[in-house]
Amino acid sequence: MPLLRPPDPKVPTRKFYVRIEEPLAITLDRYAEFLGTTGIDHVVNQALEFVFRKDTDFKEWLAQHPESALRKNLGQRKKSRSSLNTTTVAAGGAATGVEEATRP
């Protein structure tokens, strides 16, 4: 039996662009195929939910920090990102890190 469940009904989403190592990307695609899903979004969502549900230290931290600085600055962050719409570039021209997608 798969550890992750099939997709739920539509829930509001946000896009993030991430770079992952090629062997992990291949395994991610294969797991999506194993589950019978058409994309990796569901696998990533379920894997993150699983980790957040199982990580007791993180749960304790969340209880101690009910509203993070990130959440307080979310409106300002969205405003500044929508005006920039750029990618962080490292030496050699490769994009780095995790970046939230913005709409032009």
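The values are calculated or read from the model by the stated rules, or taken from the named source; none is laboratory data. Just so we're clear, the structure is a prediction, and the values are computed from it rather than from any experiment. Quick reminder, even Gly has a Cβ in these numbers, built from the backbone with ideal geometry, and neighbours come from all protein chains shown.
Values computed for the structure shown
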| read-out | value |
| --- | --- |
| The stretch 21-38, residues that are surrounded by 11 or more Cβ atoms within 10 Å (Cβ to Cβ) and outside any helix (DSSP H, G or I) | T37 |
| The stretch 53-78, subset surrounded by 10 or more Cβ atoms within 10 Å (Cβ to Cβ) and over 29 Å from L3 (Cβ atoms), residue modelled with the lowest pLDDT | R77 |
| Extreme residue, farthest from P2 (Cα to Cα), among residues of the stretch 39-52 that are of a type outside the set (A, V, I, L, M) and part of a helix (DSSP H, G or I) | F52 |
| Meets criteria (at pLDDT 90 or above, more than 17 Å from L3 (Cβ to Cβ) and over 19 Å from the mean Cα position of the chain (by Cα)) for A25 | no |
